[in-house]
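These notes concern the structure reproduced below.
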Amino acid sequence: MTQPHSNGARASYIALANYLILALGLWLVAAPIVLGFLAGTAGSNSLVIGLAVAVVALLLLRRGREVAGLSALTLGFGLWTILAPFLLSFAHQYAALWSHLFSGAMLAVLAAFSLGEELGIE
């Protein structure tokens, strides 16, 4: 049987996840410029979702558990980011596709982890 994490360790894990979420949000903002898909739906989606993720991550880092539901919202952003290339018809743009798939999967995993920690699920 494993020992439960102390509250300090849990807070550190959640903070680390939130910093990584912030980094992913910033990547989604920068990716259209760095990878060259700024024009069109792929670039717009990446910029909007990236800004939203970054703002939510900053709120989570600043307020923590006081702002209920933000980890669930981030999970939704992650799932949207995975589905967007197919629903918005830019899956043929490989740089945008892989940026969205990777970022969305990482967002979903980190948000699920944070949500689980916030809810006390082990």
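Where a number appears in this text, it was derived from the coordinates with a stated rule and is not lab data. Everything quoted here is computed from the prediction, not taken from an experiment. No Cβ is skipped: glycine too gets one built from the backbone with ideal geometry, and neighbour counts run over all protein chains shown.
Miscellaneous remarks
- Distance histogram in 10 Å bins (all Cα pairs of the chain, percent per bin): 15, 45, 25, 12, 3, 0
- Here the relative contact order of the range 23-119, from alpha carbon pairs under 8 Å that lie six or more residues apart, stands at 32 percent.
- Charge dipole of the chain about the Cα centre (unit charges at C-beta), most positive-ward option of Gly50, Ala11, Ala84: Gly50
- Dimensions of the range 43-96 based on its C-alpha atoms, expressed as ranges along the principal axes with the largest first, amount to 41, 16, 13 Å.
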